[in-house]
1. Starting from the amide H of Thr10, placed 1.01 Å from N in the peptide plane, find each other amide H under 5 Å away whose residue is 5 or more places distant or on another chain.
2. Report the GluC sites (Glu not before Pro) located in region 200-278 that are in a DSSP loop and have at most 15 other Cβ atoms inside 10 Å of their Cβ, or state none.
3. Need one number: % antiparallel among DSSP beta bridges in the chain, to the nearest 5.
4. Ordered by residue, what ³J(HN,Hα) values in Hz, to whole numbers, does region 301-314 give under the Karplus form 6.51 cos²θ - 1.76 cosθ + 1.60, where θ = phi - 60° and Gly and Pro are x?
5. Fewest first, what order do Arg386, Arg447 take by the number of other Cβ atoms within 10 Å?
6. If a cysteine in the chain has no other Cys Cβ under 4.7 Å from its own Cβ, put it on the list, ordered by number.
7. Find how many whole Å separate the alpha carbon centroid of region 106-129 from the alpha carbon centroid of region 17-60.
8. Counting other beta carbons within 10 Å of each Cβ, put Val37, Val208 in order, fewest first.
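Nothing in this text is a laboratory measurement; each read-out follows from the coordinates by a stated rule. Predicted model only: the values in this text are computed from it and were never measured. Positions of Cβ are generated from backbone atoms using ideal geometry, with glycine treated the same way; all protein chains shown enter the neighbour counts.
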Amino acid sequence: MILFLHPKATSPRSRRFPLSILALAAVLEGKEEYEIVDGNVDPCPGETLDGLMKKDPAKLLAVSVMPGPQMVAAVPLCRSFKEKYPGVPVVWGGYFPSLYPDAALNAPYVDFVARAQGEETLVELIEALRGGGDFSKIRGLSYKDPSGRHIHNPERPLRSPGDFPWPPYHRLDPSKYILPTFLGSRTAAHQASIGCPFRCNFCGVVPVFSHEKMEPPERTAAVLRHLKAAYGVNAVQFYDNNFFLREDHARELAGRLAALELRWWCEARVDTVLGYSDETLRALKRAGSTMIFFGAESGSDWVLRQMNKQLKAEQTLALAERIRHFGIIPEFSFVVGNPQDPERDTRECVRFIRKIKKINPAAEIIVQHYVPTPQRDGMYGGVEGRIEFPTTAEEWATERWYNFTVRKDPRVPWLPRGIKRRIDDFELVVSSRWPTVQDIRLPRWGRTLLRSLSSWRYHLGVYRFPLELDWAHKFVELRKPKVESL
Ligand code: SF4
């Protein structure tokens, strides 16, 4: 028996299929006995693990660990599991251990780390555990040798999600995962590609995946057709880092999805979508494209250059204008707080966002503080030596580093408190002036209240000390797209 644990990562209303675990379960389906424990559904995952261990002791506990809330939830669960069942190996996979394999292995309750794409690594690890334990040939695996030294095996080549079996949705209760969003009354999640070929040096995807692999459009359409027929799905959130690359691929996908009449959200690059023809954009709209998240990152070319974003600010403005005509809402995300000149970066970013809102008032805006992730070729802003990442999972799970990870309060030496406050104040004013359409629970009076309290501020450019908006947000709990899912 293999146990999969998906520690709690989100609130019930943002719950989606645990795609990472389903992808791993898919390769064991029909070959191994396994159970999935999802902390997003199960209020007592530790007790459930105990119950399962009593029934049929597991050979391995495989845990999905994203940085942030899921990592914080994973620590006590795995610590307690290891105390009770010291003979059962524990493997962590996902972005947290892929980015920080040594911190993960420093935890006495983590025996292995499956870095990056974990499907084949997991299968080979199970075989090695059964066959006496030669882990040295398993690509993508990190582990401790008998002396406790950390061994990081070479990377595993990336494969298309289409090379692996379909997610075993039937092993979960779909009613817990297919929920209403602004896209539709029954929203599911799907990932049609993995990785990204770009090298933006602030992005956590870059150190984990060196390129991108897409599943064939016919498979994406077949999976979604199944979700629609079996579970009545009418909307989809695509979890891809980069949903669009080649235009012919996007066109084929659009052609196949159109008949399904789904509304969907995805992430893409500004320059990629800007380069598509009108015909392709119309086809995407017909296929159900409703909102696209774009990492605009900055409105300043000097910042974009430092980020290695391979994008010009004018392209973002051009896209904001053009996409309006196709009825697709752009959701632009910004990474603010350039380590060399955070004041200028913030000032220029505020000005740029105002320009976008003028061109396309429906554009959604997300403002994030820059927090670095380790990079092979140097971190954005040259912050090497200016920040020291925790070396243990416990420290990552503290409030200080949780707030860093979720960008709530990064407390980085290059961002003065006054500038951080300025960024937060501006974001509060913008999000109140245009409450996100993603919040389907926000009553009309709440929208009106936020708009009327903030419009004079936005109009006059007065963002400081928005105490009345802080107060209003205590009554009107607005959805925060940057920390919650749709
Ligand atoms: S920011 Fe976006 S485009 Fe850049 S590397 Fe990350 S996922 Fe790719």
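1. none
2. Working: sites: Glu212, Glu218, Glu247, Glu252, Glu261, Glu267; in loops: Glu261.
Passing both the DSSP loop test and the Cβ count: Glu261.
3. Working: 10 of 51 bridges.
Here the antiparallel bridges make up roughly 20 percent for the chain.
4. After applying 6.51 cos²θ - 1.76 cosθ + 1.60, I find 5, 5, 6, 4, 5, 4, 7, 6, 7, 6, 8, 10, 4, 5 Hz.
5. Details: Arg386 13, Arg447 17.
Going from least to most buried by this count: Arg386, Arg447.
6. Cys44, Cys78, Cys196, Cys266, Cys349
7. With region 17-60 and region 106-129 each reduced to a Cα centre, they are spaced 15 Å.
8. Exposure proxy ranking, most exposed first: Val208, Val37.
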